[in-house]
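As structure tokens, the structure follows; a few thoughts come after it.
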Amino acid sequence: MFRTLLIHRLAKPAVHVLCLAPLVWLAWRGFSGDLGANPIEAINRFLGDWALRLLLIALAVTPLRGIFGLNELARFRRMLGLYAFAYVSLHLTNYIAVDQFFDWGEIWKDIVKRTFITVGMIAFILLIPLAVTSTKGMSKRLGGLRWQKLHQVVYGVGVLGVVHFYMMVKADVREPLIYAAILAFLLGWRVVKRFPRNGASRKREKKKSLPDGQVGAASL
Amino acid sequence: MLIKITKPSDAKTSEITPQSLFKDRRRFIKAAAATGAGLAVGPFLMAQEAEAGAKLLGIQKSKWQLPEKEWTPKEDVTEYNNFYEFGTSKESPERNAKKFKPKPWTVKVEGEVDKPGDYDFEDLVRPHQLEERVYRHRCVEAWSMVVPWVGIPLADVIKRMGPTSKAKYVAFETLFDPERMPFQTSSSLDWPYVEGLRMDEAMNPLTLLVTGLYGEELPNQNGAPIRLVTPWKYGFKGIKSIVKISFTEKQPSTTWNKMQPGEYGFYANVNPEVDHPRWSQAKERRIGDFLKSKTLMFNGYADEVASLYSGMDLAENF
């Protein structure tokens, strides 16, 4: 039942709609004057929150696929990753063009002096090659294994994203800690898969994944 | 989002905020309300405007004034602020402080002082002349407002209490009552909130014990019924809902300084040259403005307060 929903021809359009929904909501709040007294800060927080959420959702695809045996989920991974990148880009654009209004001196000072902004910028820069090589053609040109290796950078980006959020919070760190816990689970699952406790289960793992041409880390 | 049914007795928007104060955002709401789509949402957006509190009587204008067109609209002053006792987001104090009953209220005066004791709010405030003071308000987070406060000079209260020669500092404490201030059950800060001033800072004519804003009683979310305002310092020095004033010989500890000593100092003077470790203090966003503006030394009150710190290294004593 769920499987047929996942492979339905409207499944991808539905995911597009879901991923765009936060933007529509933000626009609605902007037009109806519901962004509070400091709308620029509200927009920045909103875009940052959704960038991180989509990044975690993209990172959840493989574990969910493994845990529930839902291979059909894999077809959404790239678009979720690209939407995360889109929200990160909008978050950064809002910071540069609206919040700082292209005050490059201040922006540069922020990047080199404020650790949480340094961390955020590194995360953004690391995402660029992943977005650029996200097409099927690029994946072929790089070769499957090299492409997989490159795209493992996204784990580091996840960590940097959560650290960026944690560091900018003034006092109540509960929310960033929730994101940290989710990320720890998603990355921890991969570690456990990669290094099973005994050799036997690892062999079984290999055998099982061989038919669809994916070996060990490559499927993580 | 708060949806409120408008009663005929509710204050109209125009009664609260003069038309001239409406900034672009609100002009847009008006424009939207004029269009077809706006017709449906306009009325309840209007109903979100700030509620009117009880008018304060016998307020005297002071020499501290700023043009009315610069005042931050009342709904921004009352719906965007920090008061962690009622939640950590800027909107939560307004939402979560609705049920708070600020009266009856008692302020304990103790320490190095001739007339210690428990003072009822009225007994503390009534002997003094209420003044309107329009001050710039600069938050350590680099946003700012212009607020028409109503209050009494702290110096007048201190003189009446008669501090002894040993009193070198004045310490303040916020109410600690998790049943009335629900977020005191969380550990986001070390409760109760405490603040302090050096005696000469407390005696400075700018220092105000605030009981109102916009000519009305202080709304709960802004620190009812009585709070501190020191306009040349970052906003977190302005301790809210004060229940204790102590006169001390030693420098009292202060909440944010205890929490992050490298980020928040005891003095917390507004200073564009000394950055917060995580962001620049050179500029600020005035609420309602699109572009940031330059932050002024001592928030523009250098003439009144710079002499308090002559010879002090302000980067060291931030």
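The values are calculated or read from the model by the stated rules, or taken from the named source; none is laboratory data. What you see is a predicted model; the values in this text were computed from it and never measured. For neighbour counting, all protein chains shown are included, and Cβ atoms are generated from backbone atoms with ideal geometry for every residue, glycine included.
Condition test on residue B:126, is it surrounded by 22 or more Cβ atoms within 10 Å (Cβ to Cβ) and more than 12 Å from chain A (Cβ to nearest Cβ)? Let's see the steps before the verdict.
Details: surrounded by 22 or more Cβ atoms within 10 Å (Cβ to Cβ): no; more than 12 Å from chain A (Cβ to nearest Cβ): yes.
So residue B:126 does not fit the description; no.
Tally up the residues in the range A:88-120 that are surrounded by fewer than 19 Cβ atoms within 10 Å (Cβ to Cβ) and closer than 20 Å to residue A:59 by Cα, please.
1
Residue A:49 versus (1) within 14 Å of chain B (Cβ to nearest Cβ); (2) over 13 Å from the mean Cα position of the chain (by Cα): which is the lone unmet condition?
(2)
When you look at residue B:107, is it within 29 Å of residue B:143 (Cα to Cα), in contact with a Leu (Cβ under 8 Å, 6 or more places away or on another chain), modelled with pLDDT of 95 or more and not in a loop (DSSP other than H, G, I, E, B), yes or no?
Details: within 29 Å of residue B:143 (Cα to Cα): no; in contact with a Leu (Cβ under 8 Å, 6 or more places away or on another chain): yes; modelled with pLDDT of 95 or more: yes; not in a loop (DSSP other than H, G, I, E, B): yes.
Against the criterion (within 29 Å of residue B:143 (Cα to Cα), in contact with a Leu (Cβ under 8 Å, 6 or more places away or on another chain), modelled with pLDDT of 95 or more and not in a loop (DSSP other than H, G, I, E, B)), residue B:107 does not qualify.
Does residue B:204 satisfy the criteria of being at pLDDT 95 or above, buried (at least 22 other Cβ atoms within 10 Å of the Cβ) and polar (S, T, N, Q)? Let's see the steps before the verdict.
Numbers: at pLDDT 95 or above: yes; buried (at least 22 other Cβ atoms within 10 Å of the Cβ): no; polar (S, T, N, Q): yes.
For residue B:204, the condition - at pLDDT 95 or above, buried (at least 22 other Cβ atoms within 10 Å of the Cβ) and polar (S, T, N, Q) - is not met.
Go through (1) at pLDDT 95 or above; (2) more than 16 Å from residue A:63 (Cβ to Cβ) for residue A:188 and report which single condition fails.
The failed condition is (2).
Of everything in the range B:57-103, what is of a type in the set (A, V, I, L, M, F, W, C) and modelled with pLDDT of 95 or more? Give them in sequence order.
Step one: of the range B:57-103, the residues of a type in the set (A, V, I, L, M, F, W, C) are B:57, B:59, B:64, B:66, B:71, B:77, B:83, B:86, B:97, B:100.
B:59, B:64, B:66, B:71, B:77, B:83, B:86, B:97, B:100, listed by residue number.
If only one of B:107, B:150 is away from chain A (no Cβ under 14 Å), buried (at least 21 other Cβ atoms within 10 Å of the Cβ) and under 15 Å from residue B:218 (Cα atoms), which one is it? Step through it out loud before you land on a result.
Numbers: B:107 fails: under 15 Å from residue B:218 (Cα atoms).
B:150 is the lone residue from the list that is away from chain A (no Cβ under 14 Å), buried (at least 21 other Cβ atoms within 10 Å of the Cβ) and under 15 Å from residue B:218 (Cα atoms).
How many of the residues in the range B:274-291 are closer than 23 Å to residue B:314 by Cβ, assigned to a loop (DSSP other than H, G, I, E, B), facing chain A (nearest Cβ under 7 Å) and touching a residue at least 24 places away in the same chain (Cβ under 8 Å)?
Here the count works out to 1.
Starting from residues that are in a strand (DSSP E or B) and more than 15 Å from the chain's Cα centre (by Cα), keep the ones in the range B:218-268 and report whichever is farthest from the other protein chains (Cβ to nearest Cβ).
To start, the set of residues in the range B:218-268 that are in a strand (DSSP E or B) comprises B:227-229, B:233, B:242-248.
Add one more test, that the residue is more than 15 Å from the chain's Cα centre (by Cα), and what stays is B:243-248.
Details: B:243: 22, B:244: 22, B:245: 25, B:246: 25, B:247: 29, B:248: 26 Å.
Out of the qualifying residues, it is B:247.
Considering only the range B:295-318, I want to know if a residue exists there that is at pLDDT below 95, out of contact with any Gly (no Cβ under 6 Å at 6 or more places or on another chain), of a type outside the set (A, V, I, L, M, F, W, C) and crowded, with 19+ Cβ neighbours inside 10 Å.
no
Looking at the range B:42-56, which of the residues that are within 14 Å of chain A (Cβ to nearest Cβ) and part of a loop (DSSP other than H, G, I, E, B) is modelled with the lowest pLDDT? Full working, then the answer.
Taking the range B:42-56 first, the residues within 14 Å of chain A (Cβ to nearest Cβ) are B:42-50.
When the remaining residues are screened for being part of a loop (DSSP other than H, G, I, E, B), the result is B:47-50.
Values: B:47: 41, B:48: 44, B:49: 45, B:50: 50.
The selected residue is B:47.
Could you tell me whether residue A:54 is within 14 Å of chain B (Cβ to nearest Cβ) and buried (at least 16 other Cβ atoms within 10 Å of the Cβ)? Give the derivation first.
Numbers: within 14 Å of chain B (Cβ to nearest Cβ): no; buried (at least 16 other Cβ atoms within 10 Å of the Cβ): yes.
Here the answer is no, as residue A:54 does not meet what is asked.
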